[in-house]
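The values are calculated or read from the model by the stated rules, or taken from the named source; none is laboratory data. Since this is a predicted model, take the numbers as computed values, not measurements. Every residue, glycine as well, gets a Cβ built from its backbone with ideal geometry; the counts of neighbours run over all protein chains shown. We work out accessible area using only protein heavy atoms, side chains counted, and drop any ligands, DNA or RNA first. Shrake-Rupley method; radii C 1.70, N 1.55, O 1.52, S 1.80 Å.
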Amino acid sequence: MITVTSETIQGQRQSWNLIQKLGEGDAGEVYLAESVLDKQPAIVKRPRRGAFFSDSLRQASQIRTEASILRSLQRITSPNSLLKLKTPALIDQNRPEFDLGEQAFIVIEQACGFDLKQLSQFIQFGGASVEQLRENPEYTPIVNQWSRYKEFPAPLLVRILLTMLSFLENIHTTEFRDEAGNHNGILWNDVKPNHLYWDAVTRSITVIDWGNSQFLEGGGITKNRRNSMVDDKRQFIDEMGNFLLEVNPALYRDLKWPKDMPDVDAYTNAFQVLKGILEDQYKADEEQLQALRRQEGEFQSLSRPDLEQIRYYQVLQEKLSVYGEQPDQSGASNFIAKAAYQMAAENKISEFLQVCETASKLPFAYPEKWNLLAEVASVALHKASSDESTRTAFINSLTAGVSGDWTTLLWEIFTYLGDQARPDWWNKISQKARSVCLDLEPEAITPYTTFARLYYTMQAELTRKGNQHLRESFEGSNSQNHDLNGFHWQANTDLIALVNEEIIKKWKETEPSPPHSSISYAVVDSLLPFIEEQLPGWREILENCLMQPSAQVDLVLKAWEAKDFELARRGLRSILMWDPDRNRLITAEKAIAAAPGWLARIQKGASKDEPFYDYLTSVELAGRTLRNRVGPASWLDDTLEAFKRLRKGTRSVDLLIEFPEIMKELPWLKEYQSREIVSLPHTHPLKVERATPRHTPIKTTEGVLEGRFGPDQKMVLGEPLDTWRPEARGSSARVFSGRLNNLSKHPVSQAFKVMRSDQLEYAVPLFIEETQILTMLYDVPGITPLVELGYLKLDDDQSLPSDESHSSVEELTGQVIHFRTEQAQNFLAAMDRQLALGWLPYLALVKRNPEHNLLHYCDASYTHGWFLSLRDSLVLALQICDILQFAHDRNIVYRDHKLLHYYWDVETHGVVMIDWNIAKRHSQGLPDAEIQFDLVQLGARGMHHLFTGRPAQGSLPLGPNRPEDIEKASTHYLVNWTYDDERLPNQLRSILEQMLNQGYTQIGEVRKDLLAIYQQLPGA
């Protein structure tokens, strides 16, 4: 009788709970146990409680000996063993101080499988009452298999007997060593069929119960001289012979099993004779086994097995099992799967059902799988006369199931049903599919059922509390009923109605109405706090039931966000497996399938004959349908917002500024940029930050140097630089190209700005101002550097050419005085004297190529209506702001803003400014009015021209301007936008309008607003 206990014992390694007492005997008592920490099952042996002291000492000594023997047996190997044979491992034992008496114990490994006596009982009575089946369901097919045998299989018995015989010979003659010394062998001394456990799963024999065992000394005799190895041989012949006679009399006769042994020597001789007979029988059996294995391989190689072959294959598996052999499970599974797949694909549903029935009975089979497939096949058979689409759906479902693709099995049937009412068989199939695929318990309920129960529970709770409230009100009770604290009839009624309308009713709808129509469970999440308030504890229940479905929804929406539509579509199948009542998944799949086509349509834009606003309305409606059926995604939401704004009149350029990423989806929005084809020369992408110059400014002289200019001299003048355009002519000076030797006497091309001899009174103050300003701005990036200053005097009968002449002046000669830039003050101090002597001042500057003047890139008359990109134009504008910020910080206003004064420097990828003669210094600090005026002129003549291709209406002309012209310029300009300006975003238009009307007081404010637009552009 098995007794349940609750005792705990402490071993050397860990603590053990004694669960059940399995029995007791002369060697003590036996318990089923498990470890406290990891619940490892084991067997505990200890002295019997309440026994006489002498018996306790004897049993403790036996248990200690058994522990030593079990440790020794772990080192035993059986290389010639026909079956895998093992003995229980010693897991733990009592602490050393408790070796004697009742407190001694050992913990040993629990044997797997069934003992030979149990197996024989399965043959006689079946295995329905076997306790282990409830704990180890993997043994059920094995027990069912044994229940079909008429007698104990002879080949397996031969293997077990021969293995045990060899094992006994091995332990009898192997030397062992323990704490007591060396031993010549081990005597089992308890040979019984119920001490031999056969595990068909691992194809192994476990030899248990070593409580009577002893070590053997010399001559194969125990130390006390009472027992010898002959005892094991006698027990083997007697006990196993009786068992064999009972379970397979024919084999008993065939083996000529010895009986009625007259003496000890007879047992030894009979043992050896029996071994020879068993070996001969084993060889014969092995030949038959190999023949069966060959047949098995031949069957498994069949490409199109039929029903008859499947039936014979089943018989073949039965024949293999009598040898204790497991079938080639992989090959067998493939064999059955090939047959099932072929019959499903050919719509042979009746034959498919027979395959399912056969497969479910095979020992290696997964019966739940084949039962599910049989359930689907039964429905398919019932609908055999239906249309082709129905047959195709069930064929696809069955073939997917045979391959183990359970999500596809369920999905094919789901889509076949479409928006039809779900039949009863759908619930049965979906529940079984969930059990097989998700390893759920058969009674596990679906999320919908959980919420339905919630709904009815809420109704019942509302009714109960409502009745209680009415009863107390009627009776006039003033009792403080905590159950009614916070109870609000109307709030709870509204919550129940909301749960019913938004959750229960919509759950099974194929196309629920928005807003809660996507695949997510967002509406549930929003109501959970209120549900918990009415029914404490339900929030956890609902979150648990939606944990897996919600996780699958998240995966689908991530794929949707990434535009991985195939992954999203397949992910719907996993949602269905967890939530088979979610009928909206049908329309979700259609939406996902339609998404690529919708994206292609919106990228293409409206067709030639399609009204634009009709197109916008159509694609926006289709997009919102996608969102309602699947869920949000940034690419979808941004596109829908863009369509809405376009419908309401937002210009495309402003849309791109706010949603720069929308360009990927709607490339036609940038149609205006087809006119932005002008580009600045560059060697790498343009950035606001200019590159560092590769060359330092040249040095041409040390201090002050007098000399001559002309051919073969240190300085040579060349072609005029102010005649390439009429407006380039200066009012106070002429500009020529030329060469100037550096200190190493290498000629370097320069620009020479020479004061006009006929405008001395007007030009002198401008020269002085420009010299001082260039000296102050020598370190500012974007300022054309001053190389040197000086005076030149033409030889007699020579003069500078007229403004209309484009000819070179290389032949001009004369005298020259060179001043290094650091000598600027000396240069200015000498000006009056030198002018009186007929000398003309000049400034040598880094030469700028007229082809790189910004007029070529920004003025509409030069570009013929083409433009720089908005990004490049903003880079230019921001760099101009930076230059002007340096000037303002040093109390200088430029004033003479015009594109003619802006050049593009290819080396530094930056704007440079020339001609600072009308600029003005304010040594006491810049007045606000001067700054504001400078910004207005920058806006009207610089920025407006830069972005629109023309100066602002009413601004000063592009040509030469005198200081008095600048000072008379307006401080307000009207803005007239043209069609060409549609390409400019509203933010930029607003900046220009403010600049033209004194809307800014600092250049930093202008730069900040321009930079905000630049940073919103793609790739900025």
Inset, instruction - Working only within segment 915-944, note down all residues that are open to solvent by less than 10 Å² (accessible area, probe 1.4 Å) and within 57 Å of the chain's Cα centre (by Cα). - result: ASP934, LEU935, VAL936, GLN937, LEU938, GLY939, ALA940, ARG941, GLY942, MET943, HIS944
Inset, instruction - Give me a count of the residues in segment 184-205 that are more than 58 Å from the chain's Cα centre (by Cα) and in contact (Cβ under 8 Å) with a residue 40 or more places away in the chain. - result: 8
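Quick grid of which residues meet (1) in contact (Cβ under 8 Å) with a residue 60 or more places away in the chain; (2) over 17 Å from THR449 (Cβ atoms):
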position	(1), (2)
ASP525	no, yes
GLN534	yes, yes
ARG539	no, yes
TRP560	yes, yes
ARG569	no, yes
ILE575	no, no
Legend entry - Residue that is surrounded by the most Cβ atoms within 10 Å (Cβ to Cβ) [pool: residues in segment 645-654 that are farther than 18 Å from LEU599 by Cβ and not small (Gly, Ala, Ser)]: VAL653
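Looking only at helices (runs of 4 or more DSSP H) that lie completely in segment 361-465, which have at least 1 residues being surrounded by 20 or more Cβ atoms within 10 Å (Cβ to Cβ), outside the structural domain of VAL499 (by the TED database) and small (Gly, Ala, Ser)?
Values: elements: 367-382, 388-402, 406-417, 424-438.
Hits in segment 361-465: 367-382, 388-402, 424-438.
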Legend entry - Index of the failed condition, VAL379 passing every other in (1) among the β-branched types (Val, Ile, Thr); (2) within 21 Å of ASP439 (Cα to Cα); (3) modelled with pLDDT under 95: (2)
Inset, instruction - Write out, first by first residue and then by second, each pair whose Cβ atoms fall under 6 Å of each other, whose residues are 6+ apart or on separate chains, and whose first residue, in segment 225-239, is of a type in the set (D, E, K, R) while the second is open to solvent by 60 Å² or more (accessible area, probe 1.4 Å). - result: GLU239/LYS192
Inset, instruction - Please note which helices (runs of 4 or more DSSP H) are completely contained in segment 130-195 and include at least 1 residues that are outside the structural domain of SER360 (by the TED database), at pLDDT below 90 and open to solvent by less than 40 Å² (accessible area, probe 1.4 Å). - result: 132-135, 140-147
Inset, instruction - Considering only segment 564-578, state which residues are closer than 21 Å to GLU509 by Cα and out of contact with any Asp or Glu (no Cβ under 7 Å at 6 or more places or on another chain). - result: ALA568, ARG570, GLY571, ARG573, SER574, ILE575, LEU576, MET577, TRP578
Inset, instruction - Tell me which of these ARG569 doesn't satisfy, since it passes every other one: (1) under 23 Å from GLU665 (Cα atoms); (2) among the charged types (D, E, K, R); (3) loosely packed, with under 15 Cβ neighbours inside 10 Å. - result: (3)
Inset, instruction - Specify the residue that is farthest from the chain's Cα centre (by Cα); the eligible residues are those in segment 696-723 that are in a loop (DSSP other than H, G, I, E, B) and surrounded by 16 or more Cβ atoms within 10 Å (Cβ to Cβ). - result: GLY710
Inset, instruction - Look through SER744, SER757, SER749, SER732 and report the one residue that is among the polar types (S, T, N, Q), more than 30 Å from PRO985 (Cβ to Cβ) and open to solvent by less than 20 Å² (accessible area, probe 1.4 Å). - result: SER732
Inset, instruction - Tell me which of these GLU286 doesn't satisfy, since it passes every other one: (1) within 20 Å of LEU116 (Cα to Cα); (2) open to solvent by 30 Å² or more (accessible area, probe 1.4 Å). - result: (1)
Legend entry - Residues of segment 199-233 satisfying the condition of being open to solvent by 10 Å² or more (accessible area, probe 1.4 Å) and among the aromatic types (Phe, Trp, Tyr): PHE215
Legend entry - Filtered residue count, segment 518-531, keeping only those that are more than 26 Å from the chain's Cα centre (by Cα) and more than 19 Å from THR493 (Cα to Cα): 0
Inset, instruction - Give ARG950, ARG983 a once-over and let me know the one that is under 54 Å from the mean Cα position of the chain (by Cα) and open to solvent by 50 Å² or more (accessible area, probe 1.4 Å). - result: ARG950
Legend entry - segment 867-880, subset surrounded by 23 or more Cβ atoms within 10 Å (Cβ to Cβ) and of a type outside the set (A, V, I, L, M), residue farthest from ARG848 (Cα to Cα): PHE867
Inset, instruction - Please work out if ASP637 is within 26 Å of the chain's Cα centre (by Cα), surrounded by fewer than 18 Cβ atoms within 10 Å (Cβ to Cβ) and free of Cβ contacts under 8 Å to residues at least 24 places away in the same chain. - result: yes
Legend entry - Residue within segment 791-800 that is outside the structural domain of LEU884 (by the TED database), hydroxyl-bearing (Ser, Thr, Tyr) and either open to solvent by 60 Å² or more (accessible area, probe 1.4 Å) or not in a loop (DSSP other than H, G, I, E, B) (or both) present: yes
Legend entry - In segment 769-786, the residues that are open to solvent by 50 Å² or more (accessible area, probe 1.4 Å) and either farther than 19 Å from GLN750 by Cβ or free of Cβ contacts under 8 Å to residues at least 24 places away in the same chain (or both): MET776, ASP779, PRO781
Inset, instruction - Identify the residue in segment 1000-1017 that is open to solvent by 70 Å² or more (accessible area, probe 1.4 Å) and either of a type in the set (Lys, Arg) or under 16 Å from ILE657 (Cα atoms) (or both) and, among all such residues, is modelled with the highest pLDDT. - result: LYS1008
Inset, instruction - Only residues that are of a type in the set (Asp, Glu) and over 22 Å from ILE504 (Cα atoms): list them for segment 536-562, please. - result: GLU561
Inset, instruction - Determine, yes or no, whether SER518 is modelled with pLDDT of 95 or more, under 21 Å from SER430 (Cα atoms), buried (at least 18 other Cβ atoms within 10 Å of the Cβ) and of a type in the set (Gly, Ala, Ser). - result: no
Inset, instruction - Say whether the condition of being without any contact (Cβ under 8 Å) to a residue 12 or more places away in the chain, assigned to a helix (DSSP H, G or I) and aliphatic (A, V, I, L, M) is met by at least one residue in segment 984-994. - result: no
Inset, instruction - Kindly indicate the residue of segment 581-601 that is crowded, with 20+ Cβ neighbours inside 10 Å and either without any contact (Cβ under 8 Å) to a residue 40 or more places away in the chain or touching a Leu at 6+ places or on another chain (Cβ under 7 Å) (or both) and also farthest from PHE643 (Cα to Cα) among those meeting that condition. - result: ARG582
